[in-house]
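Accompanying notes for the structure given below.
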Amino acid sequence: MGKMANLLIIGAGQYGLVAMEIAQAMRGFGEIAFFDDNYSAAEQPAKIPLIMGQTTDIGKFVDNFHYGFVAIGNPDVRRHLIESLQYNRIKPALLVHPSAYVSPSAVLKDGCCIEPNATVQVGAKIGIGSFIASGAVIRHNAKVGDYCQVDCNAVVSSSAKVPSHTKVPCCSVFE
């Protein structure tokens with residue numbers, strides 16, 4: 001059996017912790033480390049295992065990390081950082097919690113995160129860098145654009161099209 005690929009998470013805040021726990025639950029990554037512009041390695045919070053540097057350091061670590069995940073809420077910043085990963089030949093990771101249901105015919109683009117107990121139904125499409133939160137339901141044939149966030153217990157109706165950079169609030173229905 002080969003060595004598992006390492007994962008670099010950009011953003012050591014609360015969503016970074018969510019991403020880390022999902023990656024750990026997937027059991028598909030070796031080392032998991034963080035980059036964060038708000039912390040140095042010397043002042044990292046105890047809950048974060050390893051802050052290796054800041055986003056300007058990405059190019060220095062291309063040999064250490066095959067995958068990267070951007071755990072930043074702002075969709076414009078998320079887009080910029082995903083593009084930075086790609087420029088540096090680090091593949092944006094697709095994180096899917098084992099308790100989520102994703103139809104075999106659904107299409108998930110790079111950099112997405114599907115949280116615990118989320119559902120992505122038949123023929124649904126999730127764009128680059130989009131987050132589908134716990135309990136959210138993406139109904140059949142719906143399309144969630146790039147860099148979106150569908151919050152907890154929200155529903156994207158059948159065949160609906162969520163425009164890129166849209167946040168669907170908790171407990172709402174997007175039609």
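Between region 84-125 and region 55-82, what is the C-alpha centre distance in whole Å?
Their Cα centres are 17 Å away from one another.
Please give the calculated 222 nm ellipticity per residue for the chain, where each DSSP H segment of at least 4 residues contributes -39500 (n - 2.57) and the sum is spread over every residue; nearest 500 deg cm²/dmol?
Using -39500 (n - 2.57) per qualifying helix, the result is -4500 deg cm²/dmol.
Given contacts defined as C-alpha pairs under 8 Å and at least six residues apart, what's the relative contact order of the chain, whole-number percent? Let's see the in-between values first.
Working: 466 pairs, mean separation 25.0, N = 175.
In percent, rounded to a whole number, it is 14.
How high is the relative contact order of region 7-93? Use alpha-carbon pairs under 8 Å, at least six apart in sequence, and give a whole percent.
33 percent
Determine the percent antiparallel among the DSSP beta bridges restricted to region 94-175, to the nearest 5.
0 percent
Going by alpha carbons, how many degrees (0 to 90, nearest 10) lie between the helix axis of 14-26 and the longest principal axis of the chain?
Tilt relative to the chain: about 80 degrees.
When the chain is fully extended, how far beyond the present Cα-Cα distance does D57 get from E21, taking 0.36 nm per residue of separation?
Taking D57 through E21 to full extension adds about 10.6 nm, to one decimal.
With only alpha-carbon atoms counted, please give the Rg and Dmax of the chain, in Å.
15.7, 48
Can you list the residues, at least 5 places off or on another chain, whose amide H is less than 5 Å from the amide H of K125, using H built in the peptide plane?
Distant-sequence amide H within range of K125: V107, A142, K143, V144.
Most exposed first by the Cβ proxy, i.e. fewest other Cβ within 10 Å, how do F174, F35 rank?
Neighbour counts put them in this order, fewest first: F174, F35.
Could you sort the peptides 150-156, 27-33 by per-residue average Cβ neighbour count (10 Å cutoff), highest mean leading?
The peptides rank, most packed first, as 150-156, 27-33.
Using a ≥ b ≥ c from the Cα gyration tensor of region 7-93 (square roots of the eigenvalues), is it rounded, prolate or oblate, where a/c under 1.5 gives rounded and otherwise the larger of a/b and b/c decides, a/b for prolate?
Rounded, since a/c falls under 1.5.
Any read-out appearing in this document is the output of simple, stated calculations on the displayed coordinates, not a laboratory observation. The structure displayed is predicted, hence computed values, not measured ones. Every residue, glycine among them, receives a Cβ derived from its backbone with ideal geometry; neighbour counts consider all protein chains shown.
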